[in-house]
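The values are calculated or read from the model by the stated rules, or taken from the named source; none is laboratory data. Everything numeric in this text was worked out from a predicted model, so none of it was measured. Cβ placement follows ideal geometry from the backbone for every residue including glycine, while neighbour counts extend to all protein chains displayed. Note: areas computed on protein heavy atoms with side chains; ligands, DNA, RNA excluded. Shrake-Rupley method; radii C 1.70, N 1.55, O 1.52, S 1.80 Å.
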Amino acid sequence: MQLQIAPSILSADFARLGADIEMLNKSADLIHLDIMDGSFVPNISFGFPVVEAVSKIATIPMDAHFMVVHPERWVKRCAELGVSMMSFHLEAAREDASTILADIRSHGMKAGLVINPDIAVEDLFPFIGQADYFLIMSVFAGFGGQKFIPESLERIAVLKAELDRRGNSAPIEVDGGVSNANAKLLAQAGASIFVAGSSVFKADNPATAISELRNSQ
Ligand code: DX5
Ligand code: ZN
């Protein structure tokens, strides 16, 4: 399967964000936007003014990852700003997850469902067919630059097997500590969208780091 690389601008230099987005336009597949509210996660990142600024120069799709307590509040705003993929955490949505997934789709975006490492991967199974993609966190959501949790590989493989068993082709995105050290194993486990923050933006040459990740199969 063709891998897609979604650099997380959380690790970019916000003082020169425009230049970084231009670089991503040329070298990445998606732009990953980490939106944190200081409640669902113990950190605040950025909000819609930054998404809007990115939207004005992005020529590749924007992939918004909501780490917030009320993701349903932001669906319309995302669609208006041209976000292509919008994901939110099952832990935040609970019994409203199906409704929110449907709402994201009805706004013309791809709907993604995310789980942190302490949520059973089987909890995603009821949403197969309702989500356009699934995001497995390989660190606990909240901060860039954390260490990859190796058990994530098995969780991705379990989800991939269930998707295959049901004939569902929803891609699996992985987020947290993704680098050359684990990319090949992640691809083998069944992930096909790689979020990468520090391994891209802290590299000497981010564009090269992106293409190395893409060729890691
Ligand atoms: C963590 C975010 C990630 C993060 C990834 O809460 O969802 O997208 O920016 O950063 P790295 O690749 O440095 O772990
Ligand atoms: Zn993320």
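Structure summary
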item: Failed criterion for residue 65 (all others in (1) touching a Ser or Thr at 6+ places or on another chain (Cβ under 9 Å); (2) part of a helix (DSSP H, G or I); (3) within 15 Å of ligand 2 (Cβ to nearest atom) hold); result: (2)
item: Inter-residue pairs, beta-carbon under 6 Å, first over 15 Å from residue 13 (Cα atoms) and modelled with pLDDT of 95 or more and in segment 183-201, second away from ligand 2 (no atom under 13 Å from the Cβ) and among the hydroxyl-bearing types (Ser, Thr, Tyr), 6+ apart; result: 183/216; 184/216
item: Hits in segment 64-105 (condition: in contact with a helix residue (DSSP H, G or I) (Cβ under 9 Å, 6 or more places away or on another chain), among the charged types (D, E, K, R) and over 21 Å from residue 137 (Cα atoms)); result: 76, 77, 103
item: Members of segment 86-125 that are surrounded by fewer than 17 Cβ atoms within 10 Å (Cβ to Cβ) and over 24 Å from residue 157 (Cα atoms); result: 95, 96, 99, 102, 105, 106, 107, 108
item: Segment 126-143 - residue that is open to solvent by 30 Å² or more (accessible area, probe 1.4 Å) and near ligand 1 (Cβ under 9 Å from one of its atoms) and, of those, nearest to residue 168 (Cα to Cα); result: 140
item: Sole exception among (1) open to solvent by 50 Å² or more (accessible area, probe 1.4 Å); (2) touching a residue at least 24 places away in the same chain (Cβ under 8 Å); (3) under 25 Å from residue 202 (Cα atoms) for residue 55, by number; result: (1)
item: Candidates 141, 120, 161 - the one that is within 16 Å of ligand 2 (Cβ to nearest atom) and either over 19 Å from residue 5 (Cβ atoms) or not acidic (Asp, Glu) (or both); result: 141
item: Members of segment 64-85 that are surrounded by fewer than 17 Cβ atoms within 10 Å (Cβ to Cβ) and of a type in the set (Asp, Glu); result: 80
item: Extreme residue, farthest from ligand 1 (Cβ to nearest atom), among residues of segment 178-217 that are under 15 Å from residue 147 (Cα atoms) and over 18 Å from the mean Cα position of the chain (by Cα); result: 181
item: Selected residue (criterion: nearest to ligand 2 (Cβ to nearest atom)) from residues of segment 1-52 that are among the hydrophobic types (A, V, I, L, M, F, W, C), in contact with a helix residue (DSSP H, G or I) (Cβ under 7 Å, 6 or more places away or on another chain) and open to solvent by 30 Å² or more (accessible area, probe 1.4 Å); result: 40
item: Residue that is nearest to residue 116 (Cα to Cα) [pool: residues in segment 24-60 that are part of a strand (DSSP E or B) and in contact with a Pro (Cβ under 8 Å, 6 or more places away or on another chain)]; result: 32
